[in-house]
Each structure stands twice: as structure tokens, then as C-alpha cells.
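Notes follow the structure.
The values are calculated or read from the model by the stated rules, or taken from the named source; none is laboratory data. The structure presented is a predicted model; accordingly, all values stated were derived computationally and were not measured. Backbone-built Cβ (ideal geometry, glycine too); neighbour counts: all protein chains shown.
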Amino acid sequence: MGGDLTPALLAAPVWTDAMVAAAGIPIRDVELVTVGGGIGSFVLVDQLRIAGLPASAIRVLSTIDQPWQTYQYLTRVSQIPEHERIRSDSASTPDNIWGFPSYAVREAFTASTLRGFTRPLWQVLTEPVLSDYYTPRVGTVFASMAREAARIDWPSMLVRGQVRMVRRRAGGGYLTILTPPADGSESMPTLRLGSAPRRTAAPAELAPATRRIAYRSRFVHLAVGYPGLRFLPDLQEYRARHGDVRRVVNAYEPHEHVYDELVRHPATVVVRGAGIVASRILNRLINDRDRQGARTHIVHLFRTYVRGAHGPSVFMRRRGGDGWAYQGFNYPKSVWGGQLKARMRELEGAERRALYDAIGGTNTPRRRVWQEQLARGRREGWYTTHVGEVHTLEPGPDGTVVTRMRTADGMLEVPAAYVIDATGLIADIREHRVLADLLDHSGAGHNPLGRLDVERTFEVRGTRSDPGRLYASGAATLGGYFPGVDTFLGLQIAAQEIADDLASVGFGQRLDSRRSVTQWVRWMRNQPV
Amino acid sequence: MVPTLGGRVQTRLFLLATVGVVLTVLVVPVLPGAGADYGGAFGVLVAVAVLGVGWELIYHGLQQFRWEKDWPTGFGLVTGVNEGLLTWLAARGGLVPGAGGVASSAFAMHFAVVWLGVWLCANGPLRVAVPRWRFHGGRLW
């Protein structure tokens, strides 16, 4: 099989078409490629298609068949089954660029009972004062995206394969190297929710006998998500040294066996982390106590224990208590359009970093049901907390894992049957091959938080290849002029900025009111864009 | 909604000048009681706009005490009570041209219809007509 990367290509920061051809790598032309194929790619393509670009101008390079697939996996293992609600605002609608009708309104108007109609509307009307924030069911979000994917003809734009790198092209634009799947076809899956996708061959895109394919495009968009799971050093060391991946688990990897086992045998479980995932894990453990008769004892370890409202001034005080910092969504709501968005947009360097520090940090929503569960656990003695820094994990007697931690009162040993780590996903962009290549060869740099430095338009600073432009959105760009990047709404904000910037250089039309209204009517009628 | 001060004022003025005007034109002929005419009704509309700029400054100030710096959907509806009362007092005090003799029932109905219409538009249709509005703090220009 020919057509592979050569040392000359690997070393050259700018490629000519002749270099790629000499390596035997076939070249395909398209105006824009988006790398990733997850929700970040999806909302950009949705925006561009609604603004009037044809599907033929766009290719989505992806290893997944459906844009919500990775998100679905992560939410499922971190204890959000399809009927559960995610931490996302009613108007954060990745299937609808307008946020209208919102998920609360849709839930009301598809309800079969009067209570089903009034409940979401009442909640969204009285949030967050009389009710918790309304949040949509994750299954509803996936179904809505499936409908939109069909409407914008997502399958016709999807090309399966692993992107290896993006390099600037002599003469302008970029060359994106794709490794097609081993089964030999970049086939087009037919979208079907909740079942294995059927494949239909797309004749024009059938993979040749080559290891790589180059996509030559004027524009590139990167939305590659998180590079992987983050394992804390002590957990990593324990797993590596003792080969035990059953008792020490990451919340973002499948760990149903822990819950199954805890229902069968009463035991102690250690939960680490103070974010939304820790809340979910605790919720699951307590539900199993309440509904399945589990007699689990939960020891919750905090590294930083929040005792109450906290913040630098009376104008910047976040609620907190019982160890947790409370916040409806992962940033204060106004980062997605209001004052904090406007403020961050003007800040550079250390000032920007300071505002990120003030509004960031681990936090979770203050939901009434979770408050009740944890209060009951404290009262009845089956939920206890410790504060300190974990030193090591060691195997203990009877197949237990002993967590040794430094607390204010000295070293503490916590034996448990299981340790669930809910401290997050990898944030280091260098862990991602495509981003690392971009940093090494294409002029990309780091922002004040160490991630990918993007302009206000989400163009990756330093990578311009006139008349082409390279953009990035999502988790990789946290630390930029816009903070809420790693959220549905954040991805849509990025998509709008990118679409407007593309329109400013003649690629597509800027979405005006007239087209917006007519396209919204088409959305409502479920007609193709 | 997550408004900036500029967004608050622009949205209010724009919606009153569009939705508010249309609803006023439609509702005045069916208002109950005596003294309801277009002169008075548009006087009330202008008063809501002018007094509203002051109200928006107050709301913006209150918003600074909120960690989220947001303005929940329900707040936009409930503030109709204080604004309605102040506008009513201003009308009764002769400060709203043409609206001095309007019956309380007519004022209440007109105000409620306009307030509700503006609030509903701000929470949906406006996002469709102005696709960048919601990400720009409610600013229209």
C-alpha cells in the first residue's frame, strides 16, 4: 500500500502539492474541512449550512459516525443515562442555532399530560429562584441532533478516518492528512439513533489503496475535544504498579461493576472530586442505597473544601457550602452572551487569566435532590467527608485499597473497596496529536491558560495561510477571549464567530435577518436547509 | 437572559417601538372604561420607554450582585409589576401626556398586553429575527 507520509513531509512546515503527490498521497479538494466530527463540528456545519453553504463545500473528517457519539459515551459512563438531565441551559440547543424553541418549550408542547406541559414551563419561568435550573434530558438532545443532522445532510459530508495532521500549503490554504479506516472505506453511515449505523457506500469517496489521503482546502476547522482521561498521578501509579483497574476507576471510564458489586455486598467507596461528575456519582450511589437496598458507605475526599459563599468582592461571590462551590452551569451564565463575555473579550494575558481564576474552579449545581440526599447521608452517618491531599494508594487487607492522605490533623488512612476518581479529563492540548503537530510546525501557540491561542474569531493565531484560515473551537481553546468554549452554547457562539469571519472573506453569506427567519421556518417544518 | 446594560436599553426601546406599537394599535379599540384613546396609550408607551431607561440602570445595578450576572426569565416578567405601578402613578400625576384621564382597568389591560408581548418576543422570536442578539448581551447594533 502506497501513499504514506515521508520524512521530507514530516519535517517541512509548509507543503507544496508536488511534495504530497511525490509521496503518492492522493489529494482531494474541498473548500472547508472540519476535523473531529463531534458536536463542535456539527454546530459549525449547521451554522454554515443554514447560512447557505452547500454540503459539497464541506467535509467532516471523523472517527465517529454520529456527532453526539463521544458525548453519549462520556455521559453514559459518568452516570447520565438517556432519561437523565444534563447540566445545560434550556436555550442551549445544539440542533437549533436560535435557541428557540428551547428544550423546555419543546418538552412542554410534546407532553401528553397537563402536568407534563406546565412543569417545564413553570421551572424555566421560576429558575433559579423558586426552582432549580431547567435542564434537558440527554436523550432528547441526541434525538434533536439526529433530526438536524438529517436535515442538513450531515452523512453526505462525513468522511471517516483519523486525521494525522494539518499543514500549511504553499500557495495558500491547508493540507489535512487523513488516515482512512482499516476496513478500506470512508463510508457514509446512515444516521439512526440508538442503534448501529447502517453504511451506504459513497462512490465518489471510496478509499483508494493508500495509507493516507490529503484534503486540500482553503479553510480548516479543528474541534477535536479532549485528548483523553486524566488520571491523577497517585491513581496512575497505583494502577500501573498493582495492575488493578477494577478497584480504582476513573468516572469517565466504564465502571458499572462497582455499582453492581456495591449492591451485592455492603462496602466502603471513596469518591474523589467536587465537580458535576462527583455529584452524579454520589447521586447514583445514593439512588442504589434508596432503590436497590445497597448499604454503601461513602467517603468523599475533598482537596479544597468550600465552607460558604466565596469570591473576591461582594459583586463576585459564588455560593458554596459542605465542601462544594455551587454554580448552575460550568461558568457563570453571563459568559455566554452577557457581561462576563463582554469583559473577557477585552482582556489579555495576566488579566484574562485572573478573571478565569475568579470565575473558574471546580463547581457543581446546587440541586435540591442532591442536597437532600447528602444531608440525609451526613445525618445517618453513611456519607462522610475528609479534606486533604492524597499521598498514595496502597493495597490493603481483604482486597481493599487504602488511600493515605495528608489532612490538617496529620496522615489519614482510608480503606475502601473501591476508589472512584471524578477529577476530570485531560486538558493538555499537546496530548492530542493533531494539536501537537500544529504547535510544532504551523505556528500555533498557547493562550494564558496554556491551551490553543485563538483570536476573537476563533482563528488559531499564527497559522494563517492566505487566503486560507484555520479555526479551532471547543475544549482546546479554553483560556481565550471567550470562556464557555466547552459547552453546547459555547460551541454555537464559536460557530457564529467563525461563520461570520468566513463570510467576511467571501466564503458564504453573513446570516441576515431575512434568511434567519426563513431558515427558522424551515427548521420548524423539518424541511432541508 | 444575560444582558449587558447597552443590550437592556436597546432591546427595550426596540421591542416597545415595534411589538409595543403594534399591540397598542390593536388593543386600544377594545380597552374597557373611559378615556382610552391612542394619544393616551402612546403616551403610556413612551413613558414605559423613558422611565424604563432608569429602571434598566437599577436592574443593571442589582444584576451586579448576582454571581451569574444573568437576569432570569421570570425577572423580566415580574418587573412588570413595579414598572406598571410607577407608570400608573406618573399617569395619574399628569406626567404622561394624554393619559391623565385613563381608567385603571384600561391602563392595566394595555400595559399587561404590551408587557407580556414584549417579554414573549424577547424570549424567543427576537432570537430568530436577530440571530446574534442573544450572544451579544441583547445588543441589536
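Restricted to the stretch A:131-150, and to residues that are of a type in the set (Ser, Thr, Tyr) and either within 18 Å of the chain's Cα centre (by Cα) or under 16 Å from A:Pro81 (Cα atoms) (or both), which residue is surrounded by the most Cβ atoms within 10 Å (Cβ to Cβ)? Here the answer is A:Thr135. Of the candidates A:Asp453, A:Asp398, the single residue that is at pLDDT 95 or above and of a type in the set (Asp, Glu) is A:Asp453. Filtered by the rule that a residue be in a loop (DSSP other than H, G, I, E, B) and of a type in the set (A, V, I, L, M, F, W, C), the stretch A:424-462 gives A:Ile426, A:Ala427, A:Ala444, A:Leu449, A:Phe458. Against the list (1) at pLDDT 95 or above; (2) surrounded by fewer than 21 Cβ atoms within 10 Å (Cβ to Cβ); (3) within 21 Å of the chain's Cα centre (by Cα), the condition A:Val43 fails is (2). Counting only helices (runs of 4 or more DSSP H) that sit wholly inside the stretch B:38-141, those with at least 3 residues that are away from every other protein chain (no Cβ under 14 Å) are B:38-63, B:73-92, B:104-122. Would you pick out the residues in the stretch A:446-481 that are surrounded by fewer than 22 Cβ atoms within 10 Å (Cβ to Cβ) and within 14 Å of chain B (Cβ to nearest Cβ)? Within the stretch A:446-481, A:Arg456, A:Thr457, A:Tyr481 qualify.
Filtered by the rule that a residue be closer than 29 Å to A:Arg406 by Cβ and under 30 Å from the mean Cα position of the chain (by Cα), the stretch A:372-382 gives A:Gln373, A:Leu374.
Residues in the stretch A:333-364 that are touching a helix residue (DSSP H, G or I) at 6+ places or on another chain (Cβ under 6 Å) and facing chain B (nearest Cβ under 10 Å): 6 in all.
For (1) of a type in the set (D, E, K, R); (2) in the same structural domain as A:Phe488 (by TED's automatic domain parsing), each residue gets a yes or a no:
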site	(1), (2)
A:Gly24	no, yes
A:Arg28	yes, yes
A:Glu31	yes, yes
A:Gly36	no, yes
A:Val45	no, yes
A:Ser62	no, yes
A:Arg76	yes, no
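Restricting the stretch B:10-35 to residues that are buried (at least 19 other Cβ atoms within 10 Å of the Cβ) and within 14 Å of chain A (Cβ to nearest Cβ) leaves a set whose member that is farthest from B:Phe135 (Cα to Cα) is B:Phe14.
So, restricting to strands (runs of 3 or more DSSP E) that lie completely within the stretch A:12-93, which ones have at least 3 residues that are of a type in the set (A, V, I, L, M, F, W, C)?
Hits in the stretch A:12-93: A:32-36, A:58-62.
Could you please let me know if A:Leu61 is in contact with a His (Cβ under 9 Å, 6 or more places away or on another chain) and crowded, with 23+ Cβ neighbours inside 10 Å? Answer is no for this residue.
Has the stretch A:241-251 got any residue that is hydrophobic (A, V, I, L, M, F, W, C), closer than 30 Å to A:Gln123 by Cβ and assigned by TED's automatic domain parsing to the domain that holds A:Gly399? For the stretch A:241-251, residues hydrophobic (A, V, I, L, M, F, W, C), closer than 30 Å to A:Gln123 by Cβ and assigned by TED's automatic domain parsing to the domain that holds A:Gly399: present. Does A:Asp398 satisfy the condition of being among the acidic types (Asp, Glu) and touching a helix residue (DSSP H, G or I) at 6+ places or on another chain (Cβ under 6 Å)? Taking the combined requirement at face value, the residue does not satisfy it. Scanning the stretch B:105-128 for residues that are more than 19 Å from B:Thr4 (Cα to Cα) and buried (at least 17 other Cβ atoms within 10 Å of the Cβ) gives B:Ala106, B:Phe107, B:Met109, B:His110, B:Phe111, B:Val113, B:Val114, B:Trp115, B:Gly117, B:Val128.
Just one of the listed residues (A:Thr16, A:Thr93) is hydroxyl-bearing (Ser, Thr, Tyr) and more than 14 Å from chain B (Cβ to nearest Cβ), and it is A:Thr16.
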